[in-house]
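Comments concern the structure below.
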Amino acid sequence: MAEITLVEAINQALAYELAHDKEVVVLGEDVGANGGVFRATEGLLTRFGPERVLDTPLAEAMIAGMAIGMAAQGLKPVAEFQFDGFMYPGFNQIINHAARLRNRTRGRLTCPLVYRAPYGGGIHAPEHHSEGNEAFFAHIPGLRVVMPSSPARAYGLLLAAIREPDPVVFLEPKRIYRLVKQSVPDNGVALPLDKCFVLREGQDITLITWGAMTHETMNVAKNLDAQGISAEVIDVATLKPLDMDTILNSVEKTGRCVIIHEAPYSGGLGGEISAQIAEHSLLSLQAPIKRVTGYDVTMPYFQLEKSYIPNESRILAAVNSVMEFA
Amino acid sequence: MAEITLVEAINQALAYELAHDKEVVVLGEDVGANGGVFRATEGLLTRFGPERVLDTPLAEAMIAGMAIGMAAQGLKPVAEFQFDGFMYPGFNQIINHAARLRNRTRGRLTCPLVYRAPYGGGIHAPEHHSEGNEAFFAHIPGLRVVMPSSPARAYGLLLAAIREPDPVVFLEPKRIYRLVKQSVPDNGVALPLDKCFVLREGQDITLITWGAMTHETMNVAKNLDAQGISAEVIDVATLKPLDMDTILNSVEKTGRCVIIHEAPYSGGLGGEISAQIAEHSLLSLQAPIKRVTGYDVTMPYFQLEKSYIPNESRILAAVNSVMEFA
Amino acid sequence: MTIVTQFQIQYYQFLNQLGQTTQDLPPFAQDASNLIHLYRTMVLIRTFDTKAVNLQRTGKLGTYASTLGQEAITVGIGSALDTHDVFCPYYRDYGTQLLRGVKMSEILAYWGGDERGNNFSSAMAKEDFSFCVPIASQCLHAAGIAVAMKLRHQHRATLVTMGDGATSEGEFYEAINLAGAWQLPIVFVVNNNQWAISVPRKAQTSASTIAQKAIAGGFEGEQVDGNDIIAVRDRVEKALIKARSGKGPTLIEAVTYRLCDHTTADDANRYRDKEELKKAWECDPIVRLKLYLMNNNFWSNSAEEELLGECSKQVEAAVHDYISTPTPPLEDMFDFHYANMPANLIAQKQMALTEGSD
Amino acid sequence: MTIVTQFQIQYYQFLNQLGQTTQDLPPFAQDASNLIHLYRTMVLIRTFDTKAVNLQRTGKLGTYASTLGQEAITVGIGSALDTHDVFCPYYRDYGTQLLRGVKMSEILAYWGGDERGNNFSSAMAKEDFSFCVPIASQCLHAAGIAVAMKLRHQHRATLVTMGDGATSEGEFYEAINLAGAWQLPIVFVVNNNQWAISVPRKAQTSASTIAQKAIAGGFEGEQVDGNDIIAVRDRVEKALIKARSGKGPTLIEAVTYRLCDHTTADDANRYRDKEELKKAWECDPIVRLKLYLMNNNFWSNSAEEELLGECSKQVEAAVHDYISTPTPPLEDMFDFHYANMPANLIAQKQMALTEGSD
Ligand SMILES: Cc1ncc(C[n+]2csc(CCOP(=O)(O)OP(=O)(O)O)c2C)c(N)n1
Ligand SMILES: Cc1ncc(C[n+]2csc(CCOP(=O)(O)OP(=O)(O)O)c2C)c(N)n1
Ligand SMILES: [Mg+2]
Ligand SMILES: [Mg+2]
């Protein structure tokens, strides 16, 4: 089987669901003939036609809001925001309606849709194209928030997201859209939502991360072996709701923890995870948890973006300081 | 001196700044003849005229966005969102522009404005009128986020917010708009931003909260005296940036901490504060920090809102469990 | 300089404010029983509305938005809609909801702070949206529903309502533009009651009509006399037929007046001229249709008396249902967020149930 | 049925695509030196643009949005603006910026991933906004600037530009509505280049002109031939004069064609017909003005040659400035967020400087 990239895995999952569920509809800006600015929807228009793959006018509240109406009618819209920074005009629809339709109507109307968006920095893109914005969505009751970190997880989690009867914000780490290839069988098998993935088992420290940062984190974990430190790596994957069982089990085992994410520190999801660990497993902690994150600044224009995004040396420094704590 | 309510203190601060700084302009939906739906702007139109107090068309992105243009021209707009739940259409302007204008232009253009909004539940209002949404704003680099908890702090902090040369989101806990009266001298003296207020000193436990929840929290603190527990109460007041010095000093003294807020638990600002305490003062903690918050659900329609908003018995139960931890 | 395109906006009326016909009535209105049905519904709505304001004043209801003076619009729409159409209301549309089978007790539950009010028992309303509070955002849901209808090649239409103030919101225009671009089966009806809380229609926009906002979307907009239920029903019906048959969207501006305060939380005396209100009462849509019916001997004082009695009874029964419904159980706050409730929410629910019990 | 209001949209052109006048030229255009100035600026912009695309292709610039074919709009606007007006550009407006004194090296810095490119050294541009990336959101900033001008009773105007796709965004309409409602001193210029990335103008809206979207705001919209710089400059100038003198807003749709890919990250061959592109080249605004100038003996081949040489030199100098500017220091990431930097950010900055140094 051919190996595919993360963005190709997204494409494969979309095609699979379009082929197997006639209610699935893909929509967004430039998702048709252009195949999406990252080619995530490439070939779908040709294969499924303009009633399944819809190029919309340029308006994100509209995309977010019309998807709600479509979903209430039983369609399963998979709506693309072209970039993370252009989700915000849709925020009102997402929080006030998508997340609330089922609850508001006591289940009479439901909202089975997926909001996809390329996520995060690292591709030398212009302003607003590199946002670390998962924390906004992860605070909204009624939503699920998912971020894959490999082609296989992108495929399996996107299938799960489309099949979920409630709204899912699906954030795709664009920095690793084409970083690695993996063989991903197109078998329609979904991966579980609401579950972390333990990417690597270890005894001494737990490294918690998601999305593109799993790559730097795994590299650090491998290098730590040489230092005689055995690091467990958890890919949170579903950012809302959090699978705290997996996280707490790990930290109770290792007693030490570093959380890594790209979004700004203050109010980032790392704080929530760190707090829950300390609240539930305080006595297991042999050292304070550290967070390695973006700074509390706007993602800089690309000449400085590498200085903003956590790198391996910052992660390593944090791990060492946590390991040295006694 | 007459005693005034929190909303009257807001009005007094607006009037003071309108009178003393000709660049200040108040704008929003129904802020003119109607004086605002909560009367926060009552009398301002008559006193300062239609070039200082502007009734806008009904559009929140517009309010948020035009205020940016006005601010860039050197005006100091104080823009009202009519309710917390109607801030979201303005989210794009707030995060992508208000928060970024200074940074983007390396200080060439600035954005000295205040976005005011009534905040939170508890007044038996319809859907979308009772949002606990401070965490969204507190995660945005470039913003300040402030919430007063008394008439005096409302007056002093709003003056400070208007005078601050950068954008401030000013959230007013509507549940206590008229709860207590206080004498608030109209002397134009601002209170400091970026600082917590220690409302009550204590030795045994630190209770951290903000906005309307300070009232239940103070009541609990008073009742704890009878149990022989001396509780320190901190009103965070500026929610971004956090004054962690005051918070850490207190928790290092007491060794125990409960954080109380109205917004949902997951991704709420309580998590950030809890995490920072555990990260910086782990060894001082004699018990896990507890958070008493809204649940991870949409604020229910008002028949159940009392069951959603943390009450004194929930706070007390958390305090007791933290005190009993050994 | 060349003229590249031209537009005009038309205004429709059948009954003037004295209840006289200003042109031949459309077929449905030539059958008096149809008009009597409309009349009865308007009177029922007004009875309900008066009662609801009263319930709020006596602490038995939350904030309530009255529909006083706007009955011709909401009832006219309801009578034009087909069972299979979908309705996306804003918060003054009791008349339409009633004709779609929504119970008055459900409407009261909604304003009484109980989500169960949105769980309509009526089969006809089962796909309808509930009241939309964030102004204009319902326009996009309606557009999405219309997209679904179009993709499925259904012979149905979506109708969405909003106020004049709502036409300043970006989401309104985005829906208008989409409806035009995709030729959606949708009808936008603007209840132009001249006020958005305290902001008068003139301050909201300098467009001389709201109807012309459809031009931005490349489709037809028109004005109807919103106090003339015959005009409302006729124009809405035509727009729905057009929509169902694939001929695209229409924007209808129904010109009326908000005879009430904005809501029970509002006091219009703060900003509104009493003379203006007094004049507006002369256009009362119920009086207008009654005059027509009386002048033509289709209606009588005794029929009126009987009707008022019936309406009272119906409303009282609904109020009884509402008042005697117990508060929703605590777990309702949790149980409807997800089809598959996440583990942490299950845990929070348990905690709440425990905490709630002490 | 009564007609309550009517509208028409006009189209303006002075030079056809053969460079022939289709009506008497406006006064400024009767002075050849003015036209030559416009011509030279357009050629400079095209030289710059070609170079910028090239820099991107060779890895020396980030994603870049070309303005190829749209020079008449951006230069026409720049020549109509007054020093004291304020300009809110979208990302293709190099011509206007240049005429406002923004340096080409600043524009390159912007696309090169350096915020310092937005810190214009030009006095004329000191109140201008920088390129706006979130589509249409600049319309509201411009409206706010115009509000400030109006409140201060200044004799100035704001001009904001955007693409055809931008007119689908709610924020565009909100700005239009506000501009009309408050009769703001503002001019909206839409660069209708027929495409929004891969979405053709026709799919964006079914409005037959973009100009008619102004009708929703109750003010005048008009079309100009966006490949005729005389028409652009003339109509923009008139709209600015109107705005400055308190007579309210204007929407100008400048009809042109995007002869380039959307940006250097785009490949228009995926979605665009080659024939369409070929035909569009026949409307090249630079060729058009050159034909007029040549036909009237205002321009010569030798002048052209000289001009190209000058343009190259200027552009090369700018590129040199850009390339030789070192990367901004790390602390720049922190130093411009707040006038009063919060303590925790100072701490983070220290941490970053320490971490950055290992
Ligand atoms: C997005 C949003 N902003 C503000 C409000 C507060 N609000 C409720 S009703 C209203 C006025 C609406 O006026 P209009 O659209 O004319 O409808 P009407 O109430 O007059 O029928 C406002 C400002 C809201 N509900 N939603
Ligand atoms: C809010 C927002 N949504 C999406 C984008 C991505 N995007 C950048 S340019 C563009 C097309 C713009 O088309 P148009 O307005 O016609 O301007 P043009 O580029 O053709 O000059 C899109 C969709 C964006 N920048 N902002
Ligand atoms: Mg109204
Ligand atoms: Mg375009």
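The values are calculated or read from the model by the stated rules, or taken from the named source; none is laboratory data. Bear in mind that the values here come from a model prediction, so they are computed numbers and not experimental data. Cβ sites come from the backbone with ideal geometry, for glycine too, and all protein chains shown count toward neighbours.
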Q: Report, by residue number, each residue of region D:142-172 that is within 14 Å of ligand 2 (Cβ to nearest atom) and either of a type outside the set (D, E, K, R) or more than 27 Å from residue A:63 (Cα to Cα) (or both).
A: D:160, D:161, D:162, D:163, D:165, D:166, D:167, D:168, D:170, D:172
Q. For region D:169-199, what are the residues that are within 9 Å of ligand 4 (Cβ to nearest atom) and within 11 Å of chain C (Cβ to nearest Cβ)?
A. D:199
Q.
Among the residues in region D:196-206, are any under 20 Å from the mean Cα position of the chain (by Cα), under 30 Å from residue B:28 (Cβ atoms) and within 14 Å of ligand 2 (Cβ to nearest atom)?
A. no
Q. Among the residues of region C:225-245, which ones are crowded, with 18+ Cβ neighbours inside 10 Å and outside any helix (DSSP H, G or I)?
A. C:225, C:226, C:227, C:228
Q.
Residues to consider are A:251, A:169; find the one that is out of contact with any Phe, Trp or Tyr (no Cβ under 8 Å at 6 or more places or on another chain) and crowded, with 20+ Cβ neighbours inside 10 Å.
A. A:251
Q. Within 16 Å of ligand 1 (Cβ to nearest atom) and either away from chain C (no Cβ under 13 Å) or among the acidic types (Asp, Glu) (or both), is that true of residue D:127?
A. no
Q) Looking at (1) outside any loop (DSSP other than H, G, I, E, B); (2) more than 14 Å from chain B (Cβ to nearest Cβ), can you tell me which one residue A:122 breaks? A) (1)
Q. What about residue D:286, is it surrounded by fewer than 22 Cβ atoms within 10 Å (Cβ to Cβ) and either of a type in the set (A, V, I, L, M, F, W, C) or at pLDDT below 95 (or both)?
A. yes
Q) Can you find a residue in region D:45-55 that is surrounded by fewer than 23 Cβ atoms within 10 Å (Cβ to Cβ), within 14 Å of chain A (Cβ to nearest Cβ) and over 20 Å from residue D:236 (Cβ atoms)? A) yes
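Can you tell which of D:58, D:67, D:5 is β-branched (Val, Ile, Thr), more than 30 Å from residue C:4 (Cα to Cα) and either surrounded by fewer than 23 Cβ atoms within 10 Å (Cβ to Cβ) or in contact with a helix residue (DSSP H, G or I) (Cβ under 8 Å, 6 or more places away or on another chain) (or both)?
D:58
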Q.
For the list (1) assigned to a loop (DSSP other than H, G, I, E, B); (2) away from every other protein chain (no Cβ under 14 Å), I need the number of the one condition that residue C:309 fails.
A. (1)
Q: Search region C:310-358 for residues being under 23 Å from residue A:109 (Cα atoms) and among the charged types (D, E, K, R), and hand back the single one that is surrounded by the fewest Cβ atoms within 10 Å (Cβ to Cβ).
A: C:331
(Q) List pairs: first residue in region D:184-208 and free of Cβ contacts under 8 Å to residues at least 12 places away in the same chain, second residue among the hydrophobic types (A, V, I, L, M, F, W, C) anywhere in the structure, Cβ distance under 6 angstrom, at least six positions apart or on different chains. (A) D:206/C:181
Q.
Taking the conditions exactly as written (away from chain B (no Cβ under 14 Å) and under 30 Å from residue B:37 (Cβ atoms)), does residue C:63 satisfy them or not?
A. no
**Q.** Unique residue being among the small types (Gly, Ala, Ser) and within 21 Å of residue C:130 (Cα to Cα) when the list is A:49, A:65, A:43
**A.** A:65
Q: Working only within region C:270-280, note down all residues that are without any contact (Cβ under 8 Å) to a residue 60 or more places away in the chain and either touching a Leu at 6+ places or on another chain (Cβ under 9 Å) or surrounded by 12 or more Cβ atoms within 10 Å (Cβ to Cβ) (or both).
A: C:276, C:277
Q: Answer yes or no as to whether residue B:286 is more than 8 Å from chain A (Cβ to nearest Cβ), in contact with a Ser or Thr (Cβ under 7 Å, 6 or more places away or on another chain) and of a type in the set (S, T, N, Q).
A: no
Q: Restricting attention to helices (runs of 4 or more DSSP H) lying wholly within region A:1-114, give those where 2 or more residues are at the interface with another protein chain (Cβ under 9 Å from one of its Cβ atoms) and under 23 Å from residue C:142 (Cβ atoms).
A: A:60-72, A:101-104
Q.
Would you confirm, using the coordinates I've provided, whether residue A:242 is assigned to a helix (DSSP H, G or I) and either under 30 Å from residue A:307 (Cβ atoms) or facing chain B (nearest Cβ under 8 Å) (or both)?
A. no
Q.
Looking at D:132, D:139 in this structure, which one is away from chain C (no Cβ under 14 Å), crowded, with 24+ Cβ neighbours inside 10 Å and within 16 Å of ligand 2 (Cβ to nearest atom)?
A. D:132
Q | Residue tally, condition more than 7 Å from every other protein chain (Cβ to nearest Cβ) and of a type in the set (Gly, Ala, Ser), over region B:125-140 | A | 2
(Q) For the structure I just gave you, tell me whether residue C:216 is of a type in the set (Gly, Ala, Ser), within 16 Å of ligand 1 (Cβ to nearest atom) and in contact (Cβ under 8 Å) with a residue 12 or more places away in the chain. (A) no
Q | Inter-residue pairs, beta-carbon under 7 Å, first outside any loop (DSSP other than H, G, I, E, B) and in region D:246-266, second polar (S, T, N, Q), 6+ apart | A | D:253/D:192; D:253/D:209; D:253/D:223; D:254/D:191; D:254/D:192; D:255/D:192; D:255/D:223
Q.
Against the conditions (1) touching a strand residue (DSSP E or B) at 6+ places or on another chain (Cβ under 9 Å); (2) assigned to a helix (DSSP H, G or I); (3) more than 10 Å from every other protein chain (Cβ to nearest Cβ); (4) of a type outside the set (D, E, K, R), where does residue B:156 fall short? Just the number, please.
A. (1)
**Q.** Residue list for region C:183-198, restricted to those being crowded, with 23+ Cβ neighbours inside 10 Å, more than 13 Å from residue C:93 (Cβ to Cβ) and within 12 Å of ligand 1 (Cβ to nearest atom)
**A.** C:192, C:195, C:196, C:198
